[in-house]
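The values are calculated or read from the model by the stated rules, or taken from the named source; none is laboratory data. Being a predicted model, the structure only gives us computed values, none of them experimental. FYI the Cβ positions are ideal-geometry reconstructions off the backbone, even for glycines, and counts take in every protein chain you see.
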Amino acid sequence: MFKSFTIKNFRCFQSFKIKPLEQLNLIGGMNNVGKTSILEALFLHIGHYIPELTLNVNSLRGINQPNKVDAEAIFGWLFFDKNIDQNIEFITEDENNIERSLIIKLETGDRPNLLELDSPNITNINYSSSITAKKNYRQLTLNYQEGKEEFQNCSLLIMPDGKLQVDKKIDHLKTFYNVTLIPVMIDLSQQNAEYFSNLERHNRQDEVLQSLQLIEPKIKRISILIQGGRSIIACDIGKKELIPINLMGEGISHLLSIILAIANLPNGIVLIDEIENGLHYSTMRDIWLAIADIARRSNTQIFATTHSWDCIQAAHKAFFESDKNDFLYHRLERVNDNEIEVLTYEPEILEMAIKKGFEVR
């Protein structure tokens with residue numbers, strides 16, 4: 001698990017470090033202070049071997065690939081102040097004191113070794129299995145180093161005809177963690193169906209059922225149905241037919257995505273944007289306990305963001321009163337246009353702040 005994370009020249013962060021980190025981390029702060037950007041930075045860092053993720057995080061923000069061949073327009077918003085001349089850098093240190101770094105830079109390359117993109121579900125990308133190598137390709141290069149090992153790299157190239165291609169000079173790039181990002185208001189139905197099917201295969205479906213019953217006790221059973229050629233998750237609430245889970249409300253769907261992701265990523269990282277989305281404040285303490293239980297059993301590290309005072313209080317109460325306090329709350333605050341700092345609350349300090357009514361959102 002990560003114990004610290006450093007960000008340089010990414011999104012709204014010129015230079016930023018968050019330390020210490022725990023198994024369960026909740027990140028708060030005002031709007032436009034970088035909460036979601038921290039999740040995106042972790043997502044890119046862990047997925048260093050998949051350069052097309054740089055397009056995914058932009059598309060989740062509604063920033064799609066422009067029609068013209070323009071490297072700055074495609075990738076510029078990843079860089080602090082859109083300064084593409086300064087490299088992006090992510091550095092993590094884990095519980096074994098192993099440091100991992102990822103450097104992302106926009107540069108000019110030549111003679112690429114082209115491979116087709118691995119992710120056909122990514123939108124606005126053209127594909128080509130081969131192309132004559134030429135010089136002066138604009139490319140986004142990702143250089144990754146673990147410990148004292150040699151740097152490994154891969155690139156996303158902008159071709160003269162406007163197509164995007166992956167260049168993996170080293171094709172054995174490995175993942176050191178599994179990761180998933182749960183954004184706000186994105187349909188994860190197919191991913192959830194796959195995750196649930198995997199749990200059911202290992203007879204672990206009751207873990208999901210028990211969590212969903214925290215906010216909807218009427219749910220007696222959940223199952224996979226095929227509808228219109230697509231797999232969907234449905235639940236039994238005592239009606240004549242099973243009801244698609246997406247019709248049960250935003251909170252149920254959001255919690256389902258969280259629980260399924262954690263249970264399916266042992267020894268991994270789950271990133272959750274606006275964790276309180278659609279969930280009633282009165283259920284938050286029990287939901288945090290359920291998340292903690294599955295995270296501990298899966299050895300999964302959680303990073304979540306929130307705007308909610310009720311969510312912060314509920315998380316604190318859930319862990320402050322328990323035997324194992326593996327939770328930290330981190331509050332981001334903008335100092336000036338170029339600086340964002342983080343205040344990490346130890347449990348006793350957060351307890352005092354809540355009792356005295358201090359603003360910690």
Residue that is nearest to the chain's Cα centre (by Cα), among those in the range 313-349 that are of a type in the set (S, T, N, Q) and surrounded by 14 or more Cβ atoms within 10 Å (Cβ to Cβ): Thr344
Cβ-Cβ under 7 Å pairs, at least 6 apart or on other chains, the range 233-250 side surrounded by 12 or more Cβ atoms within 10 Å (Cβ to Cβ), far side among the β-branched types (Val, Ile, Thr) and in a helix (DSSP H, G or I): Ile233/Ile245; Ala234/Ile245; Cys235/Ile245; Ile245/Ile252
Residue match in the range 205-222 (condition: exposed (fewer than 14 other Cβ atoms within 10 Å of the Cβ) and at positive phi): no
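Output the residue which, of all residues in the range 296-310 that are outside any loop (DSSP other than H, G, I, E, B) and modelled with pLDDT of 95 or more, is nearest to Phe2 (Cα to Cα).
My answer is Gln301.
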Subset of the range 323-353 [in contact with a helix residue (DSSP H, G or I) (Cβ under 8 Å, 6 or more places away or on another chain) and without any contact (Cβ under 8 Å) to a residue 24 or more places away in the chain]: Asn325, Tyr345
Residue check, Tyr177 modelled with pLDDT under 80 and surrounded by 13 or more Cβ atoms within 10 Å (Cβ to Cβ): yes
Selected residue (criterion: modelled with the lowest pLDDT) from residues of the range 131-150 that are within 21 Å of Ala71 (Cα to Cα) and part of a loop (DSSP other than H, G, I, E, B): Ile131
Any hit, the range 281-290, residues being touching a Gly at 6+ places or on another chain (Cβ under 7 Å) and either surrounded by 21 or more Cβ atoms within 10 Å (Cβ to Cβ) or of a type in the set (Val, Ile, Thr) (or both): no
Test for Asn198: is it touching a residue at least 60 places away in the same chain (Cβ under 8 Å), in a loop (DSSP other than H, G, I, E, B) and exposed (fewer than 15 other Cβ atoms within 10 Å of the Cβ): no
Which numbered condition Glu116 fails, given (1) modelled with pLDDT under 50; (2) in contact with a Lys or Arg (Cβ under 9 Å, 6 or more places away or on another chain); (3) of a type in the set (Asp, Glu): (2)
Which listed residue, of Asn153, Asn124, is of a type outside the set (D, E, K, R), loosely packed, with under 14 Cβ neighbours inside 10 Å, within 24 Å of Glu40 (Cα to Cα) and modelled with pLDDT under 90: Asn124
Pick from the range 58-99, criterion free of Cβ contacts under 8 Å to residues at least 40 places away in the same chain and hydrophobic (A, V, I, L, M, F, W, C), ranking: nearest to Tyr144 (Cα to Cα): Ile84
